[in-house]
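> I have a structure I would like to understand better, so I am pasting it below and will then ask my questions one at a time.
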Amino acid sequence: MKTSPSRLLRPSLLLCGLTVAACAVSRGSEGGAAARAGESVQVELCDGETKLALQSAPTTRAEGQAAADAMMASWKAKNLDKDWEQAVRSRHWIAPMHDNSAVLTPGQGAGDPGRAFNERDLLVWKRETERTVLEGARIFHSGDELGSTIAVSCDMCHPDAANTHPETYPKYQTQIGKTVLLRDMINWCLQHPVRAEKLAEDDARMRSLEAYIYAQRTGTPLAYGKH
Amino acid sequence: MTIRSVETKYMERREQLMRSLMNLDRRTFLRVSGAAAAVAVSEGLGHAHSFQPVSVTGTGRAGEVTPFGFAYISDSHLYERKVNDRFIRSLLRAVDDVNALDPQPDFVLYGGDLAQLGQPGEIDLGAQILKELKAPVKMMVGEHDWYFDLGEKWRSMFGKDVYSFDHKGIHFVVLNSVVEEDFWTARGLTPMERMKTVAGLDNRSQSNFQVGPAQREWLQKDLQPYPDDSPVIVFSHSPLYHLYQAWNFWTIDAPEVQRILSRFQRVTVVHGHTHQLLTNRIGNIHFHGLLSTAWPWPYAPQGLPELTIQMNRPNPFNPQDGCGDGRVEVHPDGLVDKVYDLWNRNSVTVAREYLTSNGLQKRPAAANVPTY
């Protein structure tokens, strides 16, 4: 079994759900002769499938939020592995992400408004980055998601991504015959010990695997070329 | 290639001969002695008398051991053939290795994790392959054999998971050290979900291994008739000490088990699960790990015992590197040399003197490609 595109889309659905719901609602309230006449307004989630009929377009933030929450609840009911992030966290240790709270010092951003950060920025950074890392952890531990034809997954030789040494790339790998990056070694492992098809360099699974492996080695100094 | 001196080769041949003489009747004994003397002279190894055995160790009394050897194979993690035949071929290689040993070992310890997901088909397949061994097999259970049906299939094939026996003056104990507290009922996990949870070495959503109070009580009683100077060898799947909890390189109640064993002057614990060269000593207890036939584990990021001389980091480009099987040579004093027969590499011997001297004597060569 391979990862279906819809599975990879899910993480982003959770976040964009709120935004898109709000957009859909605002379109409804602007355009709406129908809405003004008190007829129902239909709003739609960014999956293009989850829809919600409202008596009238929401006029307050709270009403918008309620509509978005209702659609997300309905989406979650249809997607049983919705709590996959929590499940991955309960199974696997993830190295803690860098603490960015230092950017919130008083007076920060003065003279550089583009760098005026708030708690929300930090939350978005953390949530989005960790989601990619968690996605990588899930794939790393699943022969099915890696596409292994012999039920072998990365963690069978690399528990907690030990012995992966992402900090040593690029390095010349005689057996591969060129200077390789981490992704080349991941692909070598996929083709040989894991017996899977190799991944395109921009494949979402490759990006997640790299994210997890780098994350687990946080704090280790770079040492490119090291054998 | 190992370069061995003339003296070393001589001592090895002598030791091998001595071992083969132990079970001979008097007439055959004299014939072999004569032949050995002739061989020694022809090879220029000194005068004939130096190579003639002049005494044979007696048997029967407590603490008096007839030297012998046993072999081990461990952690084969078999899937059924239609899923994966790589691990099957590795186990076959180990069986060939052991069958080629001359002299044959007195028995073969199977160190646990014969199956990968505890499936009846995996355990059947493993049992079928192990039947090919010429020497008798002593089975030990691992967590991969256990957590699909809580050992039902394994016990139906191999009998008790906890037992003991005496062999040539040594008391052997086989434990089931992979008992976990029930984490599955409350979560409503299916047998396969439970199995897959335990099968993940770095899966934190399981409990830790333990021997448990019932087995500890059994152990206490089992050891009772043996005086303190009896040599004891214990087999446990997980290390009977605390190394690295997150990977279950750890047995929760290991300190209690050590306490039960501590009255004996000579105790050796041989364990699987860690898939690597691993050496430790706590008091009078010597600990040795076993190699896996399926894949090597990295060394744990912390907790490595001081006496462990790491094996080289496995080379991913060299199939089966870091895997293998091995032997245990039991000496007249009841202590053992642990031999790691690594595939594609030289064997490594961790001699008993290395442990008794706390690492001062017979230190094995250090890795030049260590874990980092």
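> Within the accessible area of region B:83-161, what % is carbon and sulfur when the probe is 1.4 Å and the other protein chains stay in place?
After summing per-atom areas, the C and S share lands at 49 percent.
> Order A:Arg61, B:Arg281, B:Arg352, A:Arg138 by their accessible area, 1.4 angstrom probe, all chains in place, largest first.
A:Arg61, B:Arg281, B:Arg352, A:Arg138
> Relative to the present Cα-Cα distance, how much length would full extension add between A:His98 and A:Ala223 at 0.36 nm per residue of separation?
Result for the pair: 43.0 nm of gain on full extension.
> Let me ask something else. Based on Cβ point charges of +1 for Lys and Arg and -1 for Asp and Glu, what charge dipole magnitude is obtained for region B:99-188 about its Cα centre, in debye rounded to the nearest 20?
It works out to roughly 300 debye.
> Averaged over peptide B:202-209, how many Cβ atoms belonging to another chain are found within 10 Å of each residue's Cβ?
Average per residue, whole number: 4.
> For region B:274-321, what is the accessible area per residue in Å² when the probe is 1.4 Å?
So region B:274-321 comes to 32 Å² accessible per residue, rounded to a whole number.
> Can you pull the mean other chain C-beta count within 10 Å for peptide B:286-299?
2
> Further, regarding this structure: Where in region A:59-97 does accessible area fall by at least 40 Å² between the isolated chain and the complete protein assembly, at a 1.4 Å probe radius?
A:Arg91
> For the pair B:Lys168 and B:Gln128, what calculated FRET efficiency results from E = 1/(1 + (r/R0)^6), where r is the Cβ-Cβ distance and R0 = 25 Å, to the nearest 0.05?
Efficiency computed from Cβ-Cβ geometry: 0.25.
> Just checking the output field for A:150-157: average partner chain Cβ neighbours within 10 Å of each residue's Cβ?
The shielding value for this peptide is 6.
> Additional query: Could you tell me whether region A:56-128 comes out rounded, prolate or oblate from its Cα gyration tensor? Rule is a ≥ b ≥ c as square roots of the eigenvalues, rounded for a/c under 1.5, then prolate if a/b exceeds b/c, otherwise oblate.
Note, shape of region A:56-128 comes out oblate.
> Ignoring ligands and nucleic acids, what accessible area does B:Glu193 show with a 1.4 Å probe (Å², nearest 10)?
Here the residue's solvent-accessible area equals roughly 90 Å².
> Tell me the carbon and sulfur percent of the accessible area for region B:274-358, rounded to whole percent, probe radius 1.4 Å.
Carbon plus sulfur share of accessible area: 44 percent.
> Given labels modelled 7 Å from the Cα in the Cβ direction, how far is it in nm from A:Ala62 to B:Tyr372?
6.1
> Then there's this: Using a 1.4 Å probe on the protein chains only, how many percent of the accessible area of region A:104-226 belongs to carbon and sulfur?
In region A:104-226, the share of accessible area belonging to carbon and sulfur is 51 percent.
> Now, a different point. Given B:Asn176, B:Gly159, B:Val137, which one lies farthest toward the positive end of the charge dipole of region B:121-180, if we put +1 on the Cβ of every Lys and Arg and -1 on the Cβ of every Asp and Glu?
It is B:Val137, whose Cα lies furthest towards the positive end.
> Could you compute how much accessible area chains B and A hide from each other, both sides summed, with a 1.4 Å probe? Nearest 100 Å² is fine.
By this definition, chains B and A bury close to 2200 Å².
> If a/c stays under 1.5 just call it rounded; otherwise compare a/b with b/c (prolate if a/b is bigger, oblate if not). Do that for region B:223-320, with a ≥ b ≥ c from the square roots of the Cα gyration tensor eigenvalues.
prolate
> Multiplying the sequence separation of A:Trp125 and A:Asp83 by 0.36 nm and subtracting their Cα-Cα distance, what value in nm do you get?
That pair, A:Trp125 and A:Asp83, stretches by 13.2 nm at full extension.
The values are calculated or read from the model by the stated rules, or taken from the named source; none is laboratory data. Keep in mind it's a predicted model, so treat the numbers as computed, not measured. Cβ coordinates were reconstructed from backbone atoms using ideal geometry, including for glycine residues, and neighbour counts include every protein chain displayed. Remember, those area values only see protein heavy atoms, side chains included, never the ligands or the DNA or RNA. Shrake-Rupley method; radii C 1.70, N 1.55, O 1.52, S 1.80 Å.
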